[in-house]
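The values are calculated or read from the model by the stated rules, or taken from the named source; none is laboratory data. What you see is a predicted model, and the numbers here were worked out from it, not measured in a lab. Note that we place each Cβ from the backbone using ideal geometry, even for glycine, and neighbour counts take in every protein chain shown. For accessibility, only protein heavy atoms count, side chains too; no ligands or nucleic acids. Shrake-Rupley method; radii C 1.70, N 1.55, O 1.52, S 1.80 Å.
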Amino acid sequence: MMNVLVTRPIPGNYLDNHENFHIQIFPGKGDVHQWIISNIVDADGILITLNEKIDREIIDHATRLKVISTYSVGYDHIDVEYAKSRGITVTYTPEVLTEATADLIFGIMLAAARNIASGDSLIRHDGWHSGWKPDFMLGSEVHGKTLGIIGMGRIGNAVLKRSKGFDMKVLYYSRSIHNVDAEYVDLNYLLSESDFVIIALDLNNETFHFMNYERISKMKKSAFLINGTRGKVVNEEDIVKALKDHIIRGAALDVFEDEPIDSKNPLTSLENVVLTPHLGSATYETRDKMAETAVTNLFNVLNGKKPLYKL
Ligand code: DGY
């Protein structure tokens, strides 16, 4: 019998009917890190989400672990190199969440530019007294504007596809040049020319705090910054300061440095930012596909087969 740890219940019934495996799910109370440390010693596989940090301490407690399967495309919460050096396969769930994440990124960009979230909030807080007025709640046009995409991986590409329907001119900056219908440019040029700057970068040592005050200051005063991949790619203190100083017109953030954030976070007192709680992949369809992919990855490795996606 092989032992599998699961840190959170996941959608669908993909974990059912695996008779040869003893599946133990974190009961939900207490410290999950501690629970993993206490149980990893006999585990053959572990299924985690992006909330659970798999560090050296955990890996050192494992004696027979073969696979770490993360229910996420991001893997900055796992010490991948160390796991691999110990012969542990690390799997993840790319591709299945690309389109949902790009939809959300495009959505929050529209919400910030066209006051969709603030308009909703105004009505709910009894603030719409004037009726329709020529100068009421004016926003920025998205159609025909210049979009700057930083990072041209799967998500950057999916955002690019959406921008075509809005007749946007698209600039991009990335580690390498891609064969896409957009202009590859220098980062400073992208920042200074774009009306909307979308961050589509993974988090790693090179991208930590990639967007800081200095870079934000290079953007147009009328521009918007949108982040839907990882919070730590943007220096949060710097974006707060830039929004307070009106260095740019606005921002839309789905991800934050330390999640969850609450109403004490300084971002929540700013009107020129749209905030959503890490909803990029949060559709019924995508979360189900992520479950299927993460479970297939896990059991494939344990059954001696190739996982769908490994790092
Ligand atoms: C991931 O899978 O890394 C995403 O951030 C989830 O939305």
Calculated FRET efficiency for the pair LYS169/SER130, C-beta based, R₀ 35 Å, to 0.05: 0.50
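May I ask you to compute the full-extension gain from VAL41 to ASP245, defined as 0.36 nm times their residue separation minus their alpha-carbon distance, rounded to one decimal in nm? It would help to have the intermediate numbers written out before the result.
Numbers: separation 204, 0.36 × 204 = 73.44 nm, distance 5.15 nm.
Working it through step by step, the gained length comes to 68.3 nm.
Rounded to the nearest 0.05, what FRET efficiency is calculated for ARG56 and HIS178 with R0 set to 30 Å and r the Cβ-Cβ distance? Before the final figure, lay out the partial values.
Details: r = 35 Å, r/R0 = 1.16.
That pair, ARG56 with HIS178, gives E of 0.30.
Would you please put 247-254, 29-36, 125-132, 141-148 in order of how densely packed they are, using the mean number of other Cβ atoms within 10 angstrom per residue and starting with the highest?
Going by the mean number of other Cβ atoms within 10 Å, highest first, we get 247-254, 141-148, 29-36, 125-132.
Using a 1.4 Å probe on the protein heavy atoms, what percent of the accessible area of the chain belongs to carbon and sulfur?
49
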Accessible heavy-atom area order of MET211, MET137, highest first, probe of 1.4 Å: MET137, MET211
Residues of region 239-265 with amide N under 17 Å of a point placed 7 Å along Cα→Cβ from GLU214: 239, 242
Low-density loop positions, GluC sites (Glu not before Pro), region 220-311 - DSSP coil, at most 13 other Cβ in 10 Å: GLU271
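Considering the convex hull of the alpha carbon atoms of the chain, report its projected area averaged over all viewing directions, in nm², one decimal.
Reported value for the Cα convex hull: 18.0 nm².
So what's the net charge close to VAL142: Lys and Arg +1, Asp and Glu -1, counting the other residues with Cβ under 11 Å from its Cβ? Working shown, then result.
Values: positive: ARG114, LYS145, ARG162; negative: GLU141, ASP167, ASP195.
Residues close to VAL142 contribute a combined charge of 0.
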Kirkwood hydrodynamic radius (C-alpha pairs) into Stokes-Einstein, region 88-224, 20 °C and 1.002 mPa s, D in µm²/s: 129
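Compute the FRET efficiency between ASN204 and ARG8 as 1/(1 + (r/R0)^6), taking r as their Cβ-Cβ distance and R0 = 22 Å, and round to the nearest 0.05.
Numbers: r = 24 Å, r/R0 = 1.11.
FRET efficiency, ASN204 to ARG8: 0.35.
Quick check for me: using +1 on Lys/Arg Cβ and -1 on Asp/Glu Cβ, what's the dipole size of the chain about its Cα centre, in debye to the nearest 20?
Details: 33 positive and 41 negative charges, 91 e Å.
Approximately 440 debye in magnitude.
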Helix 154-164 vs. the chain, principal-axis angle (Cα, 0 to 90°, nearest 10): 30
Between helix 284-302 and the chain: long-axis angle, C-alpha atoms, 0 to 90°, nearest 10: 30
Inter-probe distance in nm under a simple model that places probes 7 Å from Cα toward Cβ, at SER121 and ASN272: 1.5
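Given +1 on the Cβ of Lys and Arg, -1 on the Cβ of Asp and Glu, and no further charges, what dipole in debye does region 21-109 carry about its Cα centre, rounded to the nearest 20?
Working: 7 positive and 13 negative charges, 55 e Å.
It comes to approximately 260 debye.
Kirkwood hydrodynamic radius, region 167-311, all distinct C-alpha pairs: what's the number in Å? Intermediate values should be presented prior to the final figure.
Working: mean 1/r = 0.0582 Å⁻¹.
Computed over region 167-311, the radius equals 17.2 Å.
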Principal-axis tilt of helix 98-113 within the chain, Cα atoms, nearest 10 degrees: 30
Solvent-accessible heavy-atom area per residue, rounded to whole Å², over region 1-132 at 1.4 Å: 51
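Please sort by residue number the trypsin sites (Lys or Arg not before Pro) in region 31-96 whose DSSP state is loop and whose Cβ has at most 13 other Cβ atoms within 10 Å.
On the way: sites: LYS53, ARG56, ARG64, LYS66, LYS84, ARG86; in loops: LYS53, ARG64, LYS66, ARG86.
Taking region 31-96 and a limit of 13 other Cβ atoms within 10 Å, the loop trypsin sites (Lys or Arg not before Pro) found are ARG64, ARG86.
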